[in-house]
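Visitor: Quick one: this structure, given as structure tokens, is what I'll be asking you about.
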Amino acid sequence: MSTLILKNITKKYNKDVVVNNFNAEINKNELVTIVGPSGCGKTTTLRMIAGFIEPTEGTISVDGNDLVNKDKNVFMEPEKREIGMVFQSYAVWPHMNVFKNVSYPLKLRKVNKEELTRRTREALRLVHLEKYENSFVHELSGGQQQRVALARALVMEPRLLLLDEPLSNLDAALRETMRSEIKEIQRKLEVTIINVTHDQTEAMTMSDKVIIMNKGSIIQIGTPEEIYNNPANSFVAKFIGSANLINCKLVTESESTMMVEVFGEHLEIERKETLNENGILSVRPHHITPMENSTLKGKIIRKLYQGDRIEYHLQVEEEVIRMITDASYNYPVDDVIGFQITKGIWLND
Amino acid sequence: MSRINHSPKRLATTSFFNVTNIVWWIIVILVGFTVIYPSLVLVVKSFVANEEFSFANYYAIFTNPAILKSMINSLIVVIPSTIISTIIAVVLAWIVARTNLPGKGIWQTLLVIPYLIPPFIGAIAWTYLLGPVGFFNKWLMNLFNTTEPLIDIYSIGGMIFVMSIYGFAIPYIIILPTMKKINASIEESARISGASTFRTLKDITIPILAPAILGGMLLLFMYQMAEFGAPAVLGAPDQINLMTTQIYYTILSSDMPNHLQVAAAQSMLLVLLGIIGLNIYSRFTKSSKYVVVSGKSGSAEVTKLGKYKWIVQVFLSLVVLVTFVAPMLAVLVTSISKVYGLPVSLSNLTLNNFLKLFELSYIQRSLFNSFVLSVTAGAVVAFCGLIIAYMTIRGKALGSSLINSLVAIPYAVPGTIVALAMIMTFSKPVPIVGWQLYGTFMILLIAYLARFMNLGVTTLSGAIGQIDPALEEASRISGASKARSFRDVMLPLLRPSLYSAFFLVLIPALGEISLSALLWSVGNETIGVSVFSTQMEGKVLLTAALAILLLTFTILLNIIARVVSRGKVGI
């Protein structure tokens, strides 16, 4: 059963279309990440769900109740929506201590004092801040402030939790810890989470479902695997997992495969519906491997040593393609080497 | 999750919207009544002579010799004093920010104290030193064995001197932060590129500081053109008038045809000058050059003073002596003297002057009036400033940015002009409601509100601008209404700034002179008016006692302000 449904959501500022006809159904207890480059409309979408921005058109509903319905002129104020939200800047109130910050949503709901204390402490335990009840913001690190914000968003047991780039201000190591903690909290509390990020790694590692946006529109919705293995177009292929995009030509099609011409060589790949003769072949850097007697040749123009693996940039005809090998393949720059493409995906655009 | 009430609510009907709307419209009306209406009247009347449209008033100001003279006098006084003040300010800012001067903290406080002294009090103080029977003049006369006073403070030179002393605080306050913020790496990169210390100063440091220095200088120029108190005190005996004092006398010369309208035309010149100045100033402050210094506070290399340390200390002591110690001592000694002009001795000391102050009913009234006026103006301005700033920045309310720029006008133009606008607007009963405001306490209050409203708006705009909008949004999403979020999040965070705004109005309002000098009436005197009139009547000892009283209040309030605003206001 779907909890959150966004139907035909469009946001225009005068003639600028910021979000264009956004349609999505988000299931209960799912962690969905909206990902895209900055300015793609992902934060606007999240803020429309929260109620800070009113859409120009469309409907947003939770469990069949409209949060906003432009056809019926319904708009629910953010404070009525029972949604938890963690802001990019954390937005922990500097004039209240940690306990006051976290208990505030309960205070507004006139929860009695005993229950308020119990549930606040529970939320603080969940984010490992039970020892910081009386601390103030300026005494906390960025990561701890983040946890306060998370506890505050969770304390009233919302049906929906919105995360607005919550990890972007944290350092790499802390980001990884928080990612798994958020995931764990989600499993424990069975809360639906919508996360917004521009970081594709974060989108891929945390999410049950990923929504990829560009220039205000949804490009693709799917599980991380689907998106990685079957990108809808070259934008997705490049944005998620940074693929090589090589021009190719369709030669023959069979029932399950298709034969394409790449750099003058034939290559058999999985069949995709197409009406075009020319397409783009998306090849992951690790699907390009060295092969001594291959007819495909490339000149190494750059070599980036990464410890357990090496990234090579190969000049092949007019194009530069990236190849990732394990560290045992060690070639000097300027060498011309043979390589093969082990897997590729046909893209129409 | 069962506690949730899902019933959706229609937009724009919550009670908060209604309350805000009412409050907002009250403020719009208040600003309209105190600022917009009088401004329009002033502009329109400047084009009216003998009840019909004409340029006669403008013709009059360029043909009347006294008025022409006042324009020239203004430039002769203001240009040199602005330059002198700015030079002093740059040197002082450099010493404080960029040298290893010992006891910097104390010097920093001592150097900005003159900012607290109302310039007309400073001017009065210097008459006790450099007037015909002033302490310093007498000492010089003894020294050179003459019977004629060597220095005459009641002159153009005297005005330049006093205005320079009480003006340098403005550019100093603007230049100092920039001077402090210059990032060491900017200068170090010049040094590493091969520039000498001097070349670095010439090619890097001074160009970076230029916008701040020029900006401070420009602001001071406008401030000095608008100054009324000091030139009024020093120019009165010999009828030396600057533009502001000339406007004052034009307003008072009721035998002159269309005198108010001519004064309005004169005012328009100063207003025009103010608008041009403010425009250039805002261009300075928005100049991209500021980007270089807006980063983290600098760790600039300080210049080691070494053997020059003592010279610098003597220089600073001299500045403090001239701006503060000597004049204030002169006022203090005068205020406890039995007879003015006699040498200081124990037999000439008394506290009677202070006692006499409280025997005079108009002085008692003026103390009471000034307190009521200042406290009311401070509170109203802080509250309106909060609402106007919030509505402009967060609410984007109808007409809010217009209101925001309109309230800047009465603060940017000389107080004398604000007073003139009030006289012209309220000398007849207000249309429709029929209130007779001229000659009442209310006209003073309206003038004070119009004059100081800008302080509230700018203080709170600055504060609100620094508060992350997400703090309020976090409260909304937690379940608080707009009103509740404002109360629980914004108000506590803005409290120190509200106090700041209150005191920023209270302190100058207490010693206000340029508005009060024209708008007072019997029964509605202010402290400034009392000081001014006792001075004009030659009651030197009473004036000094009253000045001491005013200074004591100012300093006490400053200390209180500093405490309650957590260091945001006050010295």
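The values are calculated or read from the model by the stated rules, or taken from the named source; none is laboratory data. As the structure is a prediction and not an experimental result, all values here were calculated from the model. Every residue, glycine among them, receives a Cβ derived from its backbone with ideal geometry; neighbour counts consider all protein chains shown. Heads up: the accessible areas ignore ligands, DNA and RNA and are worked out on the full protein's heavy atoms, side chains in. Shrake-Rupley method; radii C 1.70, N 1.55, O 1.52, S 1.80 Å.
Visitor: Looking only at residues that are in a loop (DSSP other than H, G, I, E, B) and open to solvent by 40 Å² or more (accessible area, probe 1.4 Å) in region A:42-58, which one is nearest to A:ASN20 (Cα to Cα)?
Guide: We begin by selecting, within region A:42-58, every residue in a loop (DSSP other than H, G, I, E, B); these are A:51-56.
Checking the rest, the ones that are also open to solvent by 40 Å² or more (accessible area, probe 1.4 Å) come to A:52, A:54, A:56.
Working: A:PHE52: 18, A:GLU54: 14, A:THR56: 10 Å.
Here the residue is A:THR56.
Visitor: If a residue must be within 14 Å of chain B (Cβ to nearest Cβ) and in contact with a Lys or Arg (Cβ under 6 Å, 6 or more places away or on another chain), how many such residues does region A:156-185 contain?
Guide: Narrowing region A:156-185 to residues within 14 Å of chain B (Cβ to nearest Cβ): A:156-166, A:168-169.
Narrowing further to those that are in contact with a Lys or Arg (Cβ under 6 Å, 6 or more places away or on another chain): none.
Qualifying residue count, region A:156-185: 0.
Visitor: Are any residues in region B:479-524 among the hydroxyl-bearing types (Ser, Thr, Tyr), in a helix (DSSP H, G or I) and under 15 Å from B:ARG394 (Cβ atoms), and if so, which ones? Explain how you work it out, then say what you get.
Guide: Let us first name the residues in region B:479-524 that are among the hydroxyl-bearing types (Ser, Thr, Tyr), namely B:481, B:485, B:497, B:499-500, B:514, B:516, B:521.
Add one more test, that the residue is in a helix (DSSP H, G or I), and what stays is B:485, B:497, B:499-500, B:516.
Result: B:SER485, B:SER497.
Visitor: Here is a further query. Within region B:345-359, count every residue that is open to solvent by 50 Å² or more (accessible area, probe 1.4 Å) and either touching a residue at least 60 places away in the same chain (Cβ under 8 Å) or in a helix (DSSP H, G or I) (or both).
Guide: Adding up the residues that qualify gives 7.
Visitor: If the requirement is being aliphatic (A, V, I, L, M), in contact with a strand residue (DSSP E or B) (Cβ under 7 Å, 6 or more places away or on another chain), buried (at least 20 other Cβ atoms within 10 Å of the Cβ) and under 26 Å from A:GLU30 (Cα atoms), which of these qualifies: A:LEU163, A:LEU129, A:LEU124, A:LEU106? Explain how you work it out, then say what you get.
Guide: On the way: A:LEU129 fails: in contact with a strand residue (DSSP E or B) (Cβ under 7 Å, 6 or more places away or on another chain); A:LEU124 fails: in contact with a strand residue (DSSP E or B) (Cβ under 7 Å, 6 or more places away or on another chain); A:LEU106 fails: in contact with a strand residue (DSSP E or B) (Cβ under 7 Å, 6 or more places away or on another chain).
The match here is A:LEU163.
Visitor: Condition first: in contact with a Gly (Cβ under 7 Å, 6 or more places away or on another chain) and of a type outside the set (A, V, I, L, M, F, W, C). Now tell me which residues in region B:425-459 satisfy that.
Guide: If the condition is that a residue be in contact with a Gly (Cβ under 7 Å, 6 or more places away or on another chain) and of a type outside the set (A, V, I, L, M, F, W, C), then B:ARG451, B:GLY456, B:THR459 are the ones that fit.
Visitor: State all residues of region B:202-223 that are surrounded by 16 or more Cβ atoms within 10 Å (Cβ to Cβ) and either over 21 Å from B:GLY274 (Cα atoms) or touching a Cys at 6+ places or on another chain (Cβ under 7 Å) (or both); if no residue qualifies, say none. Walk me through it before giving the result.
Guide: Quick first cut of region B:202-223, residues surrounded by 16 or more Cβ atoms within 10 Å (Cβ to Cβ) only: B:204-205, B:208-209, B:211-223.
Scanning region B:202-223 gives B:ILE204, B:THR205, B:ILE208, B:LEU209.
Visitor: Still on this structure: Could you list, in sequence order, all residues of region A:109-121 that are polar (S, T, N, Q) and open to solvent by less than 20 Å² (accessible area, probe 1.4 Å)?
Guide: Start the filter on region A:109-121 by keeping residues that are polar (S, T, N, Q), which leaves A:112, A:117, A:120.
Hit for region A:109-121 is A:THR120, nothing else.
Visitor: Moving to a separate point now. Among the helices (runs of 4 or more DSSP H) contained in region B:13-76, which hold 3 or more residues that are more than 29 Å from B:THR245 (Cα to Cα) and either within 14 Å of chain A (Cβ to nearest Cβ) or at pLDDT below 90 (or both)? First the steps, then the outcome.
Guide: On the way: elements: B:15-31, B:37-45, B:56-63.
Because the criterion is at least 3 residues that are more than 29 Å from B:THR245 (Cα to Cα) and either within 14 Å of chain A (Cβ to nearest Cβ) or at pLDDT below 90 (or both), the helices (runs of 4 or more DSSP H) in region B:13-76 that meet it are B:15-31.
Conditions tested, residue by residue: (1) surrounded by 19 or more Cβ atoms within 10 Å (Cβ to Cβ); (2) of a type in the set (Val, Ile, Thr); (3) in a loop (DSSP other than H, G, I, E, B).
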position	(1), (2), (3)
A:GLU181	no, no, no
A:ARG187	no, no, no
A:VAL196	yes, yes, no
A:GLU225	no, no, no
A:PRO231	yes, no, yes
A:ALA237	yes, no, no
A:LYS249	no, no, no
A:GLU261	no, no, no
A:HIS266	no, no, no
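Visitor: Let me ask something else. I'd like to check something: does region A:163-173 contain any residue that is in contact with a Ser or Thr (Cβ under 9 Å, 6 or more places away or on another chain) and assigned to a helix (DSSP H, G or I)?
Guide: Within region A:163-173 (the criterion being in contact with a Ser or Thr (Cβ under 9 Å, 6 or more places away or on another chain) and assigned to a helix (DSSP H, G or I)), the answer is no, since none of the residues qualifies.
Visitor: Which of the residues that make up region B:384-432 are in a loop (DSSP other than H, G, I, E, B) and under 25 Å from B:ALA517 (Cβ atoms)?
Guide: Initially, region B:384-432 is screened for residues in a loop (DSSP other than H, G, I, E, B), giving B:396-399, B:407-408, B:413-414, B:427-432.
If the condition is that a residue be in a loop (DSSP other than H, G, I, E, B) and under 25 Å from B:ALA517 (Cβ atoms), then B:VAL407, B:ALA408, B:VAL413, B:PRO414, B:SER427, B:LYS428, B:PRO429, B:VAL430 are the ones that fit.
Visitor: Could you please let me know if A:ALA149 is under 23 Å from the mean Cα position of the chain (by Cα) and surrounded by 22 or more Cβ atoms within 10 Å (Cβ to Cβ)? Write out each step before concluding.
Guide: On the way: under 23 Å from the mean Cα position of the chain (by Cα): yes; surrounded by 22 or more Cβ atoms within 10 Å (Cβ to Cβ): yes.
In short, yes.
Visitor: Going by the structure shown, is B:SER164 hydroxyl-bearing (Ser, Thr, Tyr), open to solvent by less than 20 Å² (accessible area, probe 1.4 Å) and closer than 27 Å to B:LEU218 by Cα? Show your work before the answer.
Guide: Values: hydroxyl-bearing (Ser, Thr, Tyr): yes; open to solvent by less than 20 Å² (accessible area, probe 1.4 Å): yes; closer than 27 Å to B:LEU218 by Cα: yes.
So B:SER164 fits the description; yes.
Visitor: Check off (1) surrounded by 12 or more Cβ atoms within 10 Å (Cβ to Cβ); (2) more than 19 Å from B:VAL162 (Cβ to Cβ) for B:ILE311 and give me the number that stays unchecked.
Guide: The single condition B:ILE311 does not satisfy is (1).
Visitor: Please state which of the following conditions B:ILE61 fails to meet, knowing it meets all the rest: (1) crowded, with 17+ Cβ neighbours inside 10 Å; (2) within 24 Å of the chain's Cα centre (by Cα).
Guide: That leaves (2) as the condition not met.
Visitor: Let me ask something else. I need the full set of residues from region A:293-307 which are within 19 Å of A:GLY264 (Cβ to Cβ) and either open to solvent by less than 50 Å² (accessible area, probe 1.4 Å) or touching a Gly at 6+ places or on another chain (Cβ under 8 Å) (or both), in order please.
Guide: Taking region A:293-307 as the starting set, the residues that turn out to be within 19 Å of A:GLY264 (Cβ to Cβ) are A:293-299.
Passing the criteria: A:ASN293, A:SER294, A:THR295, A:LEU296, A:LYS297, A:GLY298.
Visitor: Whether any residue in region B:487-504 is away from chain A (no Cβ under 14 Å), farther than 30 Å from A:PHE136 by Cβ and buried (at least 19 other Cβ atoms within 10 Å of the Cβ) is what I want to check.
Guide: no
Visitor: Applying the selection to region A:13-33, what residues are part of a strand (DSSP E or B), open to solvent by 30 Å² or more (accessible area, probe 1.4 Å) and not acidic (Asp, Glu)? Full working, then the answer.
Guide: Here is the first cut: in region A:13-33, the ones part of a strand (DSSP E or B) are A:13, A:16-27, A:31-33.
From what's left, open to solvent by 30 Å² or more (accessible area, probe 1.4 Å): A:13, A:16-18, A:20-21, A:23, A:25, A:27.
Answer for region A:13-33, where residues must be part of a strand (DSSP E or B), open to solvent by 30 Å² or more (accessible area, probe 1.4 Å) and not acidic (Asp, Glu): A:TYR13, A:VAL17, A:VAL18, A:ASN20, A:ASN21, A:ASN23, A:ASN27.
Visitor: Inspect region B:508-519 for any residue being within 28 Å of the chain's Cα centre (by Cα), away from chain A (no Cβ under 14 Å) and closer than 30 Å to A:GLU82 by Cα and give the result as yes or no. So that I can check it myself, show each step before the final result.
Guide: Restricting attention to region B:508-519, the residues satisfying the condition of being within 28 Å of the chain's Cα centre (by Cα) are B:508-519.
In the following step, the residues that additionally are away from chain A (no Cβ under 14 Å) were identified as B:508-519.
With the extra rule that they be closer than 30 Å to A:GLU82 by Cα, the set shrinks to none.
No, because not a single residue in region B:508-519 is within 28 Å of the chain's Cα centre (by Cα), away from chain A (no Cβ under 14 Å) and closer than 30 Å to A:GLU82 by Cα.
Visitor: Of all residues being among the aromatic types (Phe, Trp, Tyr) and part of a helix (DSSP H, G or I) in region A:66-125, which is nearest to the other protein chains (Cβ to nearest Cβ)? Just the residue, please.
Guide: Our first condition is that a residue be among the aromatic types (Phe, Trp, Tyr); within region A:66-125, this holds for A:75, A:87, A:90, A:93, A:99, A:104.
With part of a helix (DSSP H, G or I) added as a condition, the list becomes A:99, A:104.
Details: A:PHE99: 14, A:TYR104: 5 Å.
Among residues in region A:66-125 that are among the aromatic types (Phe, Trp, Tyr) and part of a helix (DSSP H, G or I), the one nearest to the other protein chains (Cβ to nearest Cβ) is A:TYR104.
Visitor: Another one. So B:ILE559 clears everything in (1) free of Cβ contacts under 8 Å to residues at least 24 places away in the same chain; (2) within 14 Å of chain A (Cβ to nearest Cβ) except one condition, right? Which one?
Guide: For B:ILE559, the failing item is (2).
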